[in-house]
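Working notes, structure below.
The values are calculated or read from the model by the stated rules, or taken from the named source; none is laboratory data. Computed from a predicted model, the values in this text were never measured in an experiment. Positions of Cβ are generated from backbone atoms using ideal geometry, with glycine treated the same way; all protein chains shown enter the neighbour counts. To get the accessible areas, we keep the full protein, side chains included, count just its heavy atoms, and leave off ligands, DNA and RNA. Shrake-Rupley method; radii C 1.70, N 1.55, O 1.52, S 1.80 Å.
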Amino acid sequence: MENPQAVSTMYLEMIKDKLDLSTLTGKCFGLQRRGNGFDMKTYSKVGACLIVFSVVLIFIFQDTALDSITRFATTSFSDTGSEDSCLSRNQSVLYRKSSPHKPSSYLVSKLQSYEELHKRCGPHTDSYKRSMKQMKSGQIDHNSSDCKYVVWAGLAGLGNRMLSITSAFLYALLTDRVLLTDQEYEMAGLFCEPFPNTSWILPDDFPFKSKLRRFKQNYDHSYGKMVQSSTFNYSTQLLPSYLYLFLSNDCSRHDQLFFCDQDQALLSKVPWLIMRSNVYFLPSMFLMSSFEQELNKLFPDKETVFHHLGRYLFHPSDRVWGLIIKYYQDHLAKAEKRIGIQIRIFHAKTSPFESVMDQILSCIRKEKLLPEVGTEKSIASPSKNQTSKVVLVTSLFQGYFEKLNKMYGEHPTRTGEVVAVYQPSHAGRQRTWWNSHNVQAWAEIYLLSLSDELVTSAWSTFGYVAQGLRGIRPLILYNRTITDPPCGRGVSMEPCYHAPPIFDCKALTTTVDTGALVPHVRHCEDLSWGLKLFNSS
């Protein structure tokens, strides 16, 4: 009789190696019927597999709870009109390594409280309907304990949107607001609902739903414009029922008053805040004294803010998840080491192909990411003892992949290692308003986040999201004419805020270095004027 303990050990080892569940079930239950039934050996194997399968499910749910911070393993979203399932929420543990960065107990508690708030105040609830009436009438009931909201509306590419959504969500956590996201066609079907038994999608009956995209910096209800023109009345009895916050990369000094404590005290009394942003403005909240104590309790490790919130918020929809696991199983699953190289070219004239390619190769050699190739033309037959590495290239252009693929496809490596190079797509140019483009972008960001090592392009929000979800400090390809060194290890895995305020909130006419005010908010490695979070040590 086959040893059931040996069967158990085999399948537990498979889970430790993060193989997919379909492999386990196939090996466990893909049994051959003999004659008119199964023999005793088969029954023994079935029994052992059922035990192991139960253990595996417990393992999955526990690890998923750690990675997602709260337990959503059995949450159903069928009542909200959104997806009935979210396979990635549970199956991600089979592909993604467990995070070494554990959330604070206070953050877990805060998120649980937020889920209750969102469930009570979310779309189509009684509280939501009452608040909608106040907004339409323009009359605020200051004695009401009803809900308050922040509505996110995005700009630019998917990476920018995911970073600004995360920033808006942290603001909602800090101010006890409910986050609703305006997900137009280009973002439809990308993410699972993050909060149980409710939705974070702005309903179609929202009064300004069809006009949000036309809201510009000079919109009449823009906070910055109203302050600048001195038309804003600071009396709590005359406050508007909603305000528009323009927090994009080109926002004005008056728009940036949002980041001042004295303005937050006033904004807290407005029930509806409509926020348009394309940047990771989150670091600026760590400069505000009114949020300082709460943020320190939520994030004692300042470098993990996006890591925890990003993993909590963003789960690929079943549609996207199917693309991810198919590509992973076809190309990446069998490799002993996976290396992601993310290449973003902002200006082709200042970043010619050969220069960027030389920089990539120099970085690979300097950091010993891949083995050197020999001069021989023939590739030796792989032996059992050879290790294998897979390179995943993401870029709008195909040339970088072709160069790497030709190098390792036509020449043997000096170490005998086998190197395979893949690129999922090469769109040629960014198509932000195409839903299919964003589906592909999200799949590739997620695949990059499964890498053991990451090389990213300076200034790229695409790379920021991948490194944050993965939870590692990447090697950054510097965006400059001096290519020595070609790349450098990031000092923090947090994304960079590209357009931070530079004025003193107490003396608005005074310029100040906001990267020198507190130890954990400093300038970015890849952008000298940007801000990002670091561990103060």
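For the pairs Lys148/Lys532; Lys97/Lys297; Lys136/Lys209; Lys129/Lys209; Lys129/Lys269; Lys119/Lys211, flag any whose C-alpha to C-alpha distance is greater than 20 Å.
Correct reply: Lys148/Lys532; Lys97/Lys297; Lys119/Lys211.
Hey, any idea what % of region 106-163's accessible area is carbon plus sulfur with a 1.4 Å probe?
Percent of accessible area from carbon and sulfur atoms in region 106-163: 44.
Can you order the peptides 407-413, 201-207 by their average number of other Cβ atoms within 10 Å per residue, highest first?
Those peptides, ordered most packed to least, come out 407-413, 201-207.
With every protein chain present, what is the per residue accessible area of region 209-368 (1.4 Å probe, Å²)?
Accessible surface, normalised per residue, equals 42 Å².
Which order do peptides 185-191, 252-258, 164-170, 365-371 fall in by mean Cβ count within 10 Å, highest first?
In descending order of packing, they fall as 164-170, 252-258, 185-191, 365-371.
Could you tell me which of rounded, prolate or oblate describes region 272-346, using a ≥ b ≥ c as the square roots of the eigenvalues of the alpha-carbon gyration tensor, with rounded for a/c under 1.5 and, failing that, prolate when a/b is larger than b/c and oblate otherwise?
Prolate.
If r is the Cβ-Cβ distance from Phe353 to Asp141 and R0 is 45 Å, what FRET efficiency results, to the nearest 0.05?
0.15
Given charges of +1 on the Cβ of Lys and Arg and -1 on the Cβ of Asp and Glu, with all other atoms neutral, how large is the dipole of region 107-146 about its Cα centre, in debye to the nearest 20?
120
Find the all-direction average of the projected area of the Cα convex hull for region 220-305, expressing the result in square nanometres with one decimal place.
Across all orientations, region 220-305 yields a mean hull projection of 6.2 nm².
Taking R0 as 60 Å, what FRET efficiency do you get between Glu402 and Ser536 from their Cβ-Cβ distance, rounded to the nearest 0.05?
E between Glu402 and Ser536, to the nearest 0.05, is 0.85.
Could you rank the peptides 424-433, 325-334 by their average count of other C-beta atoms within 10 Å per residue, with the highest value first?
325-334, 424-433
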